[in-house]
Amino acid sequence: MAFEARNLSDGFGRRFSYVRLSVTEVCNFRCTYCLPDGWKKTRPLSFLTPAETANLAAAFAEVGVSKIRLTGGEPSVRPDLAEIIARLAAVEGLTKIAMTTNGWNLDRRVTQWRNAGLSHLNVSVDSLDRERFQEITGHDRLPAVLAGIDRALGLDFASIKLNAVLLKSTAEAGFNVWAEFVRHRPVAVRFIELMRTCDNADYFAANHVRGSVVTDWLEASGWQLQPKLKDGGPANEYAHPDHAGRIGLIAPYAAGFCDSCNRLRVTARGKLRLCLFGEGGCDLRDLLQRADDRPALIERISGALTGKPAGHRLKDNLPGDLRHLAELGG
């Protein structure tokens, strides 16, 4: 029998086909905009098991979700990551198994992840300058990360994307080096406008720059805005006839950013978050132990969506209770 799914929607008519699932809060980078002092353990590491993630994914697939993205922290710190990927890839109705990684283990593990069923890959690369990369992340890992990206390009992923947080220094350095990077590589580089969190107020004030600096440069350089995919993320991507890859922007401060929201988030401990910049959440973990609990799990998820707000309040300097981006993977 063909798989049929009901649609998961909120009070504003937005339908949700995309879930970002954190599998750990641990991160081995010390990025200046997120964890400048490094990750510190504050409570037991009781993160969702592979079996729990599979039960969660099956419930979401039954209500119309077709794409799950694994995030962290840094997902690759989990030794059972390949098992998690394989379990998700086996869930009927899921057509895209994606992951965002800082690339620490990319060169060594990407073939294993691809073989397990990973179909879409995002890699965080905040600068193509080795010294600047080390300043931002706290690690001199740029050559290894780039080697991992080139290895991934030979593994037939459906898409490979690079994420770079847009900072004043990024804008000052210009975007020509990124354009050269994608001239012969079929990857999408997306600049992400720096976002305010509970822990980075001073850093945000000193380093935030409007995303229009990217789009102004792209349009002046002959790049053309491309249509969005139905289950894609919030990025606006641009293409150029002389380049194999694309360059884009994720601009959470732009007007109407939340109007087409199609994604939900689940924390590494099993809590449903309706918005990255919301508060609290709905605990799902007690219903992730048995497949028989799926109807109750779906009912709880659907009920929680009645409380999803129309949008975040970042323009009012209200980031909810999000301390730092590593809590939910952005």
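The values are calculated or read from the model by the stated rules, or taken from the named source; none is laboratory data. Computed from a predicted model, the values in this text were never measured in an experiment. Positions of Cβ are generated from backbone atoms using ideal geometry, with glycine treated the same way; all protein chains shown enter the neighbour counts. SASA here: full protein model, heavy atoms, side chains in, ligands and nucleic acids out. Shrake-Rupley method; radii C 1.70, N 1.55, O 1.52, S 1.80 Å.
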Which far-off residues, 5 or more places away or on another chain, put their amide H under 5 Å from the one on Ile192, with H placed in the peptide plane? Ala164, Val165, Leu166, Ile250
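Return the percentage of antiparallel bridges among DSSP beta bridges fully within the chain, rounded to the nearest 5 %.
Values: 11 of 44 bridges.
So the antiparallel bridges in the chain amount to around 25 percent.
Based solely on its DSSP helices, what 222 nm [θ] is calculated for the chain when runs of n ≥ 4 H residues each add -39,500 (n - 2.57) and the sum is averaged over all residues, nearest 500 deg cm²/dmol? Present the calculation step by step, with values, prior to reporting the outcome.
Working: 10 runs with 91 residues, N = 330.
One gets -8000 deg cm²/dmol as the mean residue ellipticity at 222 nm.
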Between region 125-163 and region 198-230, how far is it from one alpha carbon centroid to the other, in angstrom? 20
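What FRET efficiency would be calculated for the residue pair Ser302, Gln112, taking the C-beta separation as r and a Förster radius of 25 Å, to the nearest 0.05? Show your work: numbers first, answer last.
Values: r = 36 Å, r/R0 = 1.42.
In this case the efficiency is close to 0.10.
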Choose one of Ala239, Ala296, Val214: the residue whose Cα lies farthest towards the positive end of the charge dipole of region 214-314 (beta-carbon charges +1 Lys, Arg; -1 Asp, Glu; about the Cα centre). Ala296
Select from Ala188, Gly117, Met99 the residue farthest towards the positive end of the dipole of the chain; place +1 on Cβ of Lys and Arg, -1 on Cβ of Asp and Glu, and compute about the Cα centre. Gly117
Which Cys in the chain stand alone, with every other cysteine's Cβ at 4.7 Å or more from theirs? Cys27, Cys198, Cys258, Cys261, Cys275, Cys282
Scan around Lys308 for amide H atoms under 5 Å from its own, H built in the peptide plane at 1.01 Å from N, and keep only partners 5 or more places away or cross-chain. Gly11
Shape descriptors of region 90-193 over alpha-carbon atoms, Rg and Dmax in angstrom, are 14.2, 47
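Based on Cα coordinates alone, diagonalise the gyration tensor for the chain, multiply each eigenvalue by 5, take square roots, and list the semi-axes in whole Å, largest first. All intermediate terms of the calculation are to be shown ahead of the outcome.
On the way: eigenvalues 176, 97, 87 Å².
Result for the chain: semi-axes of 30, 22, 21 Å.
State the Kirkwood hydrodynamic radius of region 144-233 in Å, one decimal place, computed from all pairs of distinct Cα atoms.
Numbers: mean 1/r = 0.0663 Å⁻¹.
Over region 144-233, the inverse of the mean reciprocal pair distance is 15.1 Å.
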Using a 1.4 Å probe on the protein chains only, how many percent of the accessible area of the chain belongs to carbon and sulfur? 48
Simple Cβ-charge dipole of the chain, Lys/Arg +1 and Asp/Glu -1, about Cα centre, in debye nearest 20: 380
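Solvent-accessible area per residue for region 26-104 at a 1.4 Å probe radius, Å²?
On the way: 2830 Å² over 79 residues.
Ligands and nucleic acids excluded, the figure is 36 Å² per residue.
Taking the Cα centre of region 1-144 as origin and charging only Cβ (+1 Lys, Arg; -1 Asp, Glu), how large is the dipole, in debye to the nearest 20? Please report the intermediate quantities before stating the final value.
Numbers: 19 positive and 16 negative charges, 19 e Å.
That gives region 1-144 a dipole magnitude of about 100 debye.
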